[in-house]
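The values are calculated or read from the model by the stated rules, or taken from the named source; none is laboratory data. What you are looking at is a predicted structure, and each value in this text was computed from that prediction instead of being measured. We place every Cβ from the backbone using ideal geometry, glycine too, and count neighbours over all the protein chains shown.
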Amino acid sequence: MSEEFGLFIGGKWESPAGAKRFVTRSPSTGEELGSFVAATAADATRAIETAHKAFESWRRTPAPKRGQILLRAAEVFKARKDELGSFVTKEMGKILPEGKGDVQEAIDFVEYMSAEGRRLLGETVPSELRNKYCFTLRQPKGVVAAITPWNFPVAIPNWKIAAALITGNTVVFKPATNTSRCAVELTRVYEEAGLPPGVLNLITGSGSVVGKELTTHPLVRAVSFTGGTDTGRGIYTEAAKALKYVHLEMGGKNPQIVMEDANLDLAVDGLLFGAYGSSGQRCTATSRLLLHKNVYDEFLARFLKRLAKFRVGDPLKEGTDMGPVSSADQEKKILEYIEIGKKEGAKLLYGGKKLTGGLYDKGFFIEPTLFEARHGMRITKEEIFGPVLSVIKISDFDEAVKVANDVEYGLSSSIYTRDVNRSFQAMERLEAGITYINAPTIGAEVQLPFGGIKNTGNGGREAGTVAIEEFTEIKTVFVDFSDRLQKAQIES
Ligand code: UN1
């Protein structure tokens, strides 16, 4: 029997009597990691109302004081980093160094946001009239729904939660079901840090049951979502009817361009990490290699040599390069895409199979896969979200940019070249929220904005100081100390 966990509402862990439950399991071993409440719409309503009650007092808590609580949370995350990192690895399968990296990204961001409590900058601008001041304030929106994915089960919820909390919002947190244990542990960190009751509430369970409540309830003022494009589109449409602010972070089809003058070994290292890190299950994962014809054979020879030594296995074991994919559903979808690739005539250069035998039989292990493809095939345009990379031959820089941009997404992008002019041209011309020069498509840092264009998002950014914008309203204030009626636009 798995350990049972409840919902966290109003500062209390509760297990509603007769609640339906579900378990999460390790995608490498099948081991159960906990039993969780499948929240109902009524539970979601209760969490929203509780967050709303807590809002008045939390918004009036001075932002630097809110920051102190976040700083304590960062300390607890630090103290529990190894343990939480191993929960990430156990529950979604990325290798332990990446599991710990997930937690480190949360620590970095929570620390960073704690200091924002002493800024929350507005603008002071001159008035056109005498004896009058004009400035702006940042104010919280109210109750925020954070709907988060399983691929970064600690970092991504924290991007939303810490930014929402520092700005004075209260939160209802709805994590992906298959990383509910990470979500419980994360919530406990804030509880231990002394966050007042009701300020952060956790509801576990499926999006189809509680999602509607979170996107339509009038007390929810903002919805911040990271996940699949179809779900995001649904949320956006639903929430629009209630005029809610929605922030969406969705798919990617991120290219790594390798030009003829690139440092090839560096580009090989970057590609291994970008394409197969977290088993390709990052929104920022490299899924297309756009390789210049002059170095095509040489680069692939070096890459394939490295792939032959790539170790897929137990993600908790030191030395493993890649763990399983996160679930049976993921495995099915990825294997289907591999079949699609073969049917559309892409040539399998490496991998392509589900791994079996020994420990592989207990989990969802797929070989790192490399297709030689033509631009336009489905595998070169649709997000696979797995360890499947397509290489496309390109003749020159213009073609590389054209192919890179000819997809519906625009999250991350990368170019390997030693030509400084080309690097700057790439920065300008690649249609993506993020461009790396001589580095892989993954590895964003929290003090910079994160997000994408086209169908990756709806215009907002997470992380960096722009994260503050996501969760605040701007109040414009005019202070007239002339003691008479002054008429803007009319008086001179
Ligand atoms: C994601 O895949 O949704 O840049 C987030 C990176 C990580 C964050 C990825 N720091 O790959």
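Key figures for this structure:
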{"quantity": "Single residue of the range 401-430 satisfying the filter (part of a loop (DSSP other than H, G, I, E, B) and crowded, with 18+ Cβ neighbours inside 10 Å) that is farthest from the ligand (Cβ to nearest atom)", "calculated": "T417"}
{"quantity": "Test: residue in the range 182-199 that is away from the ligand (no atom under 16 Å from the Cβ), in contact with a Gly (Cβ under 8 Å, 6 or more places away or on another chain) and of a type in the set (K, R)", "calculated": "no"}
{"quantity": "Meets criteria (more than 15 Å from the ligand (Cβ to nearest atom) and aromatic (F, W, Y)) for F173", "calculated": "yes"}
{"quantity": "Which numbered condition T237 fails, given (1) over 18 Å from L370 (Cβ atoms); (2) crowded, with 21+ Cβ neighbours inside 10 Å; (3) among the polar types (S, T, N, Q)", "calculated": "(2)"}
{"quantity": "Looking only at the range 26-63, and only at residues there that are assigned to a strand (DSSP E or B) and free of Cβ contacts under 8 Å to residues at least 60 places away in the same chain, the one that is farthest from T177 (Cα to Cα)", "calculated": "E32"}
{"quantity": "Test: E260 is acidic (D, E), more than 16 Å from the ligand (Cβ to nearest atom), surrounded by 15 or more Cβ atoms within 10 Å (Cβ to Cβ) and part of a helix (DSSP H, G or I)", "calculated": "no"}
{"quantity": "I392 vs. criteria away from the ligand (no atom under 16 Å from the Cβ), in a strand (DSSP E or B) and farther than 20 Å from L307 by Cα", "calculated": "no"}
{"quantity": "Tally, over the range 334-372, of residues that are loosely packed, with under 15 Cβ neighbours inside 10 Å and under 25 Å from the mean Cα position of the chain (by Cα)", "calculated": "1"}
{"quantity": "Condition met for L304 (more than 26 Å from K381 (Cα to Cα) and either surrounded by fewer than 21 Cβ atoms within 10 Å (Cβ to Cβ) or outside the structural domain of E91 (by TED's automatic domain parsing) (or both))", "calculated": "no"}
{"quantity": "Filtered residue count, the range 16-48, keeping only those that are polar (S, T, N, Q) and either crowded, with 19+ Cβ neighbours inside 10 Å or in contact with a strand residue (DSSP E or B) (Cβ under 6 Å, 6 or more places away or on another chain) (or both)", "calculated": "4"}
{"quantity": "Total residues in the range 138-170, condition closer than 19 Å to G205 by Cβ, outside any loop (DSSP other than H, G, I, E, B) and within 16 Å of the ligand (Cβ to nearest atom)", "calculated": "6"}
{"quantity": "Where a residue in the range 272-295 is under 17 Å from K94 (Cα atoms) and its partner, wherever it lies, is in a helix (DSSP H, G or I) and among the polar types (S, T, N, Q), with Cβ under 8 Å and at least six apart", "calculated": "Q281/Q330; A285/S278"}
{"quantity": "Residues within the range 449-468 that are near the ligand (Cβ under 10 Å from one of its atoms) and among the hydrophobic types (A, V, I, L, M, F, W, C), tallied", "calculated": "2"}
{"quantity": "Only listed residue being touching a helix residue (DSSP H, G or I) at 6+ places or on another chain (Cβ under 8 Å), more than 16 Å from the ligand (Cβ to nearest atom) and small (G, A, S), chosen from S127, S206", "calculated": "S206"}
{"quantity": "Residue that is farthest from the ligand (Cβ to nearest atom), among those in the range 272-298 that are more than 18 Å from P97 (Cβ to Cβ) and crowded, with 24+ Cβ neighbours inside 10 Å", "calculated": "L291"}
{"quantity": "Test for E470: is it in contact (Cβ under 8 Å) with a residue 12 or more places away in the chain and either touching a Ser or Thr at 6+ places or on another chain (Cβ under 8 Å) or crowded, with 24+ Cβ neighbours inside 10 Å (or both)", "calculated": "yes"}
{"quantity": "Residue check, Y190 touching a Leu at 6+ places or on another chain (Cβ under 6 Å), under 20 Å from F471 (Cα atoms) and among the hydroxyl-bearing types (S, T, Y)", "calculated": "yes"}
{"quantity": "Subset of the range 325-363 that is assigned to a loop (DSSP other than H, G, I, E, B) and out of contact with any strand residue (DSSP E or B) (no Cβ under 8 Å at 6 or more places or on another chain) - its residue that is nearest to L290 (Cα to Cα)", "calculated": "S326"}
{"quantity": "Any hit, the range 103-115, residues being loosely packed, with under 15 Cβ neighbours inside 10 Å and of a type outside the set (D, E, K, R)", "calculated": "yes"}
